[in-house]
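Structure first, then comments.
The values are calculated or read from the model by the stated rules, or taken from the named source; none is laboratory data. Values in this document were obtained by computation on a predicted structure and should not be read as measured data. Ideal geometry is used to build each Cβ from the backbone, glycine not excepted, and the neighbour counts take in all protein chains shown.
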2 protein chains.
Amino acid sequence: MVNTLLEAFNKTTYPVVGHGKRDIQVLKDAFDELDGTIDSDIYGTGKVIEDFQAKIAAYLGKPSAVFFPSGTMAQQIALRMWCDEKGIRKIAYHPLCHLEIHEQNGLRELHQIEPVLLADKNSLITLEDVLQMKEDIACLLLELPQREIGGQLPAYEELEAIAAHCKAKGIKLHLDGARLYEILPYYGKTAAEICSLFDSVYVSFYKGIGGIAGAILAGEEAFMTQSKIWKRRQGGDLISLYPYIISADQAFDERLPKMEQYYHDAIELAAMYNDCDGITTRPVVPVSNMFHVHIELPKESFEKLLIPVFEETGVGLTGNVRDFGEGSSYYEVSLGDRYADIPKEQLGQAFTLLNQKIKQIIA
Amino acid sequence: MVNTLLEAFNKTTYPVVGHGKRDIQVLKDAFDELDGTIDSDIYGTGKVIEDFQAKIAAYLGKPSAVFFPSGTMAQQIALRMWCDEKGIRKIAYHPLCHLEIHEQNGLRELHQIEPVLLADKNSLITLEDVLQMKEDIACLLLELPQREIGGQLPAYEELEAIAAHCKAKGIKLHLDGARLYEILPYYGKTAAEICSLFDSVYVSFYKGIGGIAGAILAGEEAFMTQSKIWKRRQGGDLISLYPYIISADQAFDERLPKMEQYYHDAIELAAMYNDCDGITTRPVVPVSNMFHVHIELPKESFEKLLIPVFEETGVGLTGNVRDFGEGSSYYEVSLGDRYADIPKEQLGQAFTLLNQKIKQIIA
């Protein structure tokens, strides 16, 4: 199937989102300057994996961390261990949580864990939702930011109150922190400060950080030791994970200092979207490097309008628009290295043109 | 803990086993000459993964193949799907099968599948074992060669008879073919001929082939389509698997033609071992590139004897000797690229010296 929007996006001189192309140059760049005699990790042991795990554990303020090939695996394992520890096969999370919508029911099919869905799918989980929950659960999973609703965040005080409640009730609190780095500027907290509210934490290395793949699960020493047994069981204890680890490590060092910039870029870009008729961003003022763009037009008519904007200005706003029902559509914007390379004049032209074209249709 | 045998082995000029060091140069070599604009695979799609899957499917003579990060994951998933299809939560395999001894009970803990252990742990599974099995099973797993007993193989006719019996009884037959390539010279068959006896087949790319990690599961179209759902569930559907795929592809092309040579090298080397007092190989005449060396001395005294042999001749026979009970020990030998680089004179000297030293102790 030909996706013409994606084709038009791929031809633009100035793609707005992300760090760059996902081609093998990413790997070549990570390894080109390295000495070839660096030993592979071997089944979870060796300097390359142990050093990186220690580095990220320290960054997250947790006693121990284990590198996993995927966040799917890392999070299922964390929830399974909390369920086993509590003797309860129930956990709670948001209806648009990664485990609920992107993992083909792995949590139920592999671990026989039943999720309790908290909050309306278009809202954040609130303290009220947690207080009113009737089910006995082993663990509550919070995703910060809540990606599928535009990367929204609760107030930090609400987060603290939820954590305090869970602690008092003996409910384990797990952080889906795939995009944890991206929320630090908004909260004005360190990763360790935020993670101190959680019993276990997962972070990703191929989202904001821009690595190739891979994840870290962090927590107490005994918990993480046990997680290695599950990593072996689930088929994640590869003889060599270094292609992911080495590229993650470099991307971490390179991009962590840029998170503040990505965040401010997102605020700037969202304002340009909100100045267009029939377009609103969610949240209106971003709290991280990401937001969703909601358009009062169906996917197909908006795509028809976008393609000439890309072609005339060379600015690529998105390669993927999705229907949102009732004649509206939306897409996700996640900012990285590319945004800084776009001349402001070009970007302004793109939005002027976009706004003109929308006005013609909506008016 | 300092392992002095391993240290001595690592210092030798002529290590006898394997292809080479597992350092990051393996990855650098695989990517150095490649054009950086090659696109990453994305969650199991894209040219780099689809082309390789098609290539290996054709090689194995199966309609479809899926690349997995690990054999552990690929095999559990195959067995789970056969159990689901048959509505029976039992499979049968050898007592020293990878799933039984190296996967922390993943098959039981994740998939609630009970294994029936066939044959004595020191013997191959025979047709007789299969005929006498009383349990109702969904699938029989055969590992060719049977690694943990020195890489032994049944006669091909016995294999055919087992396959015919399973087909008649409606028992699915799965091949643990981690080392499938290595047995083709002995059987004088193509991979596709051997795989035609099996309903599903797993092959590895970091053992005989010498890649970095990764596995292929192959079978019928519908079965493999379903396996992708399980791959997602189990956390193996990474956004990018290309670091493993590209290196596996190159190693496959480079080493497949050398399997005949490795096999003959193993026969030659085993004969040298068998000429030593107190040493026997298992099998006496290898049927692949691998065999086990059994010594009538405990691990510690044999290691003391080996280290000066390594130091005086520069030939490294093994880095890892294990106790085998009753004052005996053993180690695995798996031949690859390195063997061809050893001057025959040097190798002869090592065995002469080894034999002298053993005679002094045993006599």
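Can you work out which of the residues in the range A:1-40 that are part of a loop (DSSP other than H, G, I, E, B) and facing chain B (nearest Cβ under 7 Å) is surrounded by the fewest Cβ atoms within 10 Å (Cβ to Cβ)?
Residues of the range A:1-40 that are part of a loop (DSSP other than H, G, I, E, B), as a first pass: A:1-3, A:11-13, A:16-17, A:19-22, A:24, A:33-38, A:40.
Next, from what is left, pick out any that are facing chain B (nearest Cβ under 7 Å): A:22, A:24, A:34, A:36-38, A:40.
Values: A:22: 19, A:24: 22, A:34: 14, A:36: 13, A:37: 9, A:38: 17, A:40: 22.
Here the residue is A:37.
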Problem - Residues located in the range A:41-57, provided they are out of contact with any Asp or Glu (no Cβ under 6 Å at 6 or more places or on another chain) and not in a loop (DSSP other than H, G, I, E, B) - result: A:42, A:45, A:47, A:50, A:51, A:53, A:54, A:55, A:56, A:57
Practice task
From the list B:183, B:245, pick out the single residue that is within 30 Å of residue A:76 (Cβ to Cβ), in contact (Cβ under 8 Å) with a residue 24 or more places away in the chain and aliphatic (A, V, I, L, M).
Solution key: B:245
Practice task
Please find, within the range A:259-310, the residue that is nearest to residue A:354 (Cα to Cα) out of those that are among the β-branched types (Val, Ile, Thr) and within 23 Å of the chain's Cα centre (by Cα).
Solution key: A:295
Problem - Residue check, residue A:156 hydroxyl-bearing (Ser, Thr, Tyr), within 23 Å of residue A:322 (Cβ to Cβ) and more than 14 Å from every other protein chain (Cβ to nearest Cβ) - result: no
Practice task
Could you look through the range A:58-84, keep only residues that are more than 18 Å from the chain's Cα centre (by Cα) and part of a loop (DSSP other than H, G, I, E, B), and pick out the one that is nearest to the other protein chains (Cβ to nearest Cβ)?
Solution key: A:62
Practice task
For residue A:39, work out the one condition from (1) free of Cβ contacts under 8 Å to residues at least 24 places away in the same chain; (2) touching a strand residue (DSSP E or B) at 6+ places or on another chain (Cβ under 6 Å); (3) under 18 Å from residue A:252 (Cα atoms) it doesn't fulfil.
Solution key: (3)
Handout entry: Unmet requirement for residue B:307, which otherwise passes all of (1) crowded, with 19+ Cβ neighbours inside 10 Å; (2) of a type in the set (Val, Ile, Thr); (3) assigned to a helix (DSSP H, G or I)
Key = (1)
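Before we move on, is residue B:109 assigned to a helix (DSSP H, G or I), within 8 Å of another protein chain (Cβ to nearest Cβ) and out of contact with any Ser or Thr (no Cβ under 6 Å at 6 or more places or on another chain)?
It is true that residue B:109 is assigned to a helix (DSSP H, G or I), within 8 Å of another protein chain (Cβ to nearest Cβ) and out of contact with any Ser or Thr (no Cβ under 6 Å at 6 or more places or on another chain).
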Completion exercise
The residue from A:115, A:95, A:154 that alone is in contact with a Phe, Trp or Tyr (Cβ under 7 Å, 6 or more places away or on another chain) and surrounded by fewer than 23 Cβ atoms within 10 Å (Cβ to Cβ) is A:115
Practice task
May I ask you to list the residues in the range A:85-105 that are within 21 Å of residue A:223 (Cα to Cα), within 14 Å of another protein chain (Cβ to nearest Cβ) and either under 19 Å from the mean Cα position of the chain (by Cα) or not in a loop (DSSP other than H, G, I, E, B) (or both)?
Solution key: A:99
Practice task
Please determine, by comparing only the residues of the range B:226-249 that are over 18 Å from residue A:212 (Cβ atoms) and polar (S, T, N, Q), which one is nearest to the other protein chains (Cβ to nearest Cβ).
Solution key: B:234
Exercise for the section: Output the qualifying pairs, or none if there are none: Cβ atoms under 6 angstrom, residues six or more apart or on different chains, first residue in the range A:151-179 and in the same structural domain as residue A:62 (by TED's automatic domain parsing), second residue of a type in the set (Gly, Ala, Ser). Expected result: A:151/A:288; A:173/A:163; A:174/A:78; A:174/A:200; A:178/A:71; A:178/A:204; A:179/A:208
Practice task
Could you check how many residues of the range A:325-363 are surrounded by fewer than 17 Cβ atoms within 10 Å (Cβ to Cβ), not acidic (Asp, Glu) and not in a helix (DSSP H, G or I)?
Solution key: 5
Exercise for the section: Could you tell me which of the residues B:144, B:124, B:140, B:110 is surrounded by fewer than 24 Cβ atoms within 10 Å (Cβ to Cβ) and either more than 28 Å from residue A:72 (Cα to Cα) or assigned by TED's automatic domain parsing to the domain that holds residue B:208 (or both)? Expected result: B:124
Problem - Filter result (surrounded by fewer than 19 Cβ atoms within 10 Å (Cβ to Cβ), touching a residue at least 24 places away in the same chain (Cβ under 8 Å) and among the acidic types (Asp, Glu)) within the range A:255-281 - result: A:260, A:275, A:277
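Looking for whichever is at pLDDT 95 or above and either at positive phi or within 14 Å of chain B (Cβ to nearest Cβ) (or both) here; the options are A:198, A:205, A:223. Which one fits? Break it down stepwise before answering.
Values: A:198 fails: either at positive phi or within 14 Å of chain B (Cβ to nearest Cβ) (or both); A:223 fails: either at positive phi or within 14 Å of chain B (Cβ to nearest Cβ) (or both).
Just a single option satisfies the conditions, and that option is A:205.
Could you tell me which of the residues A:218, A:192, A:168 is surrounded by fewer than 20 Cβ atoms within 10 Å (Cβ to Cβ), under 27 Å from residue A:111 (Cβ atoms) and away from every other protein chain (no Cβ under 14 Å)? Working first, answer last.
Working: A:218 fails: surrounded by fewer than 20 Cβ atoms within 10 Å (Cβ to Cβ); A:192 fails: under 27 Å from residue A:111 (Cβ atoms).
The match here is A:168.
Please indicate, with yes or no, whether at least one residue in the range B:158-181 is among the hydroxyl-bearing types (Ser, Thr, Tyr), over 21 Å from residue B:69 (Cα atoms) and in a helix (DSSP H, G or I). Walk me through how you get there before you give the answer.
Restricting attention to the range B:158-181, the residues satisfying the condition of being among the hydroxyl-bearing types (Ser, Thr, Tyr) are B:181.
So of that shortlist, the ones also over 21 Å from residue B:69 (Cα atoms) come out as none.
No, there is no match, as no residue in the range B:158-181 is among the hydroxyl-bearing types (Ser, Thr, Tyr), over 21 Å from residue B:69 (Cα atoms) and in a helix (DSSP H, G or I).
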Practice task
Evaluate the following for residue A:62: is it surrounded by fewer than 17 Cβ atoms within 10 Å (Cβ to Cβ), in contact (Cβ under 8 Å) with a residue 60 or more places away in the chain, more than 17 Å from residue B:26 (Cβ to Cβ) and not polar (S, T, N, Q)?
Solution key: no
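Confirm whether residue B:192 is in contact with a Lys or Arg (Cβ under 9 Å, 6 or more places away or on another chain), outside any strand (DSSP E or B) and either over 14 Å from residue B:58 (Cα atoms) or touching a residue at least 12 places away in the same chain (Cβ under 8 Å) (or both).
On the way: in contact with a Lys or Arg (Cβ under 9 Å, 6 or more places away or on another chain): yes; outside any strand (DSSP E or B): yes; either over 14 Å from residue B:58 (Cα atoms) or touching a residue at least 12 places away in the same chain (Cβ under 8 Å) (or both): yes.
Yes, satisfied.
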Completion exercise
Subset of the range A:41-50, residues under 27 Å from the mean Cα position of the chain (by Cα) and either of a type in the set (S, T, N, Q) or away from chain B (no Cβ under 14 Å) (or both), comes to A:50
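Can you confirm whether residue A:290 is touching a residue at least 12 places away in the same chain (Cβ under 8 Å), in the same structural domain as residue A:84 (by TED's automatic domain parsing) and touching a Leu at 6+ places or on another chain (Cβ under 8 Å)? So that I can check it myself, show each step before the final result.
Details: touching a residue at least 12 places away in the same chain (Cβ under 8 Å): yes; in the same structural domain as residue A:84 (by TED's automatic domain parsing): no; touching a Leu at 6+ places or on another chain (Cβ under 8 Å): yes.
In short, no.
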